[in-house]
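**Q** Encoded as C-alpha cells, here's the structure I'll be asking about.
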Amino acid sequence: MLRPTRNGQARPRNRNQLKHDPNLSATVQSAVQALNNEFRQLQNFSDQTESWAATFEAEKQEHYQQMEQQLQEQYAEKTRQLHAEYQVRNNQLKAREDAVVKREAYLDTKLADCRANFATTHENKVKLNVGGQSFTTTKATLLAEPDTFFFTMVHSGVWQPDADGEYFIDRDPRFVGDIINWLRRGNLKAGFVGLDVDCMSSDDYAILQDQLDFFQVC
C-alpha cells in the first residue's frame, strides 16, 4: 500500500517496492550509466591534461637546455676571441717595448760614443766668446746637463771653434758666467741658476729670463 507524501503524491512504503519497479530501476541504471560515462570522460580528460603538462614540461626543459648550451658555446667562443685578441695586442705591446728598449740602448751607446769622441778629439779646456767676452771652462762642465744649449751644440757637429780656438756665441754676455758656474757646481735643481732674483731690477730679470730660455737651463 502507498502512503501519501506531503505534496499529495503517493510513494512506496518500503525499498522492496522500489526494487521491483521496473521503470524506476531502468531510470536509475540509466542515470548511473550516464554518470559513469561522464566520470570516464573526466578521467580521460584529466589523463590527457596530465600528458599535455608532462609533454610541455619536457619540451620546456629541452628548450632551456638548448638555450643554456647555446649560451655556453657563445661564451666559450667569445672568451676564445678575447683571449686571441689579448695575445695579439700583448705581442704587439711587447714588440714595442722591445723596440723602445733597443732604441734607448742605442741612444745611450751613441751618447757614450759622443762623449768619448769629444773627450779624445777635443782639448779639455774650452774657450767661449759670448758677445765679445771670453769665458773659459771645460768640456765636462758643458756636458753636465744633457738638455742645455751647450750640450746640444757640442754634439751637433756643426759648432766649430774659430781661428783663435774660441767658440763664438752671438749673445749678450750678461749672466753667462752665472750659467757656467751653475753647470760647474752641479746644483742643477737650483732655480734661476742659484741667483737671488728678488734683488734684481725688472730689466735684469727680463735679461736673465731670456738667457735661461736661450741656453735651455732651469
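The values are calculated or read from the model by the stated rules, or taken from the named source; none is laboratory data. Worth saying up front: this structure is predicted, and the values here are computed from it rather than measured. Neighbour counts are summed over all protein chains in view; Cβ atoms, including those assigned to glycine, are modelled from backbone coordinates with ideal geometry. Just so you know, the surface numbers come from the protein's heavy atoms only, side chains and all, with ligands and any DNA or RNA stripped out. Shrake-Rupley method; radii C 1.70, N 1.55, O 1.52, S 1.80 Å.
**Q** For the stretch 68-111, take N as its residue count and report Rg(C-alpha) divided by 2.2 N^0.38 Å. Mind showing how you got there, number by number?
**A** Details: Rg = 18.9 Å, N = 44, 2.2 N^0.38 = 9.3 Å.
Scaled against compact globular proteins, the figure is 2.04.
**Q** Just the accessible area for TYR64, please: 1.4 Å probe, Å², rounded to the nearest 10?
**A** Only protein atoms counted, so the area is about 120 Å².
**Q** Something else about it: Please give me the summed charge of the neighbours of ASP210: other residues whose Cβ is under 15 Å from its Cβ, Lys and Arg +1, Asp and Glu -1.
**A** Overall, the nearby charge balance is -4.
**Q** On to the next question. Aspartates and glutamates within cross-link reach of LYS60: Cα-Cα under 16 Å, excluding same-chain residues under 8 positions apart?
**A** Leaving aside aspartates and glutamates fewer than 8 places away in the same chain, those within reach of LYS60 are GLU50, GLU68.
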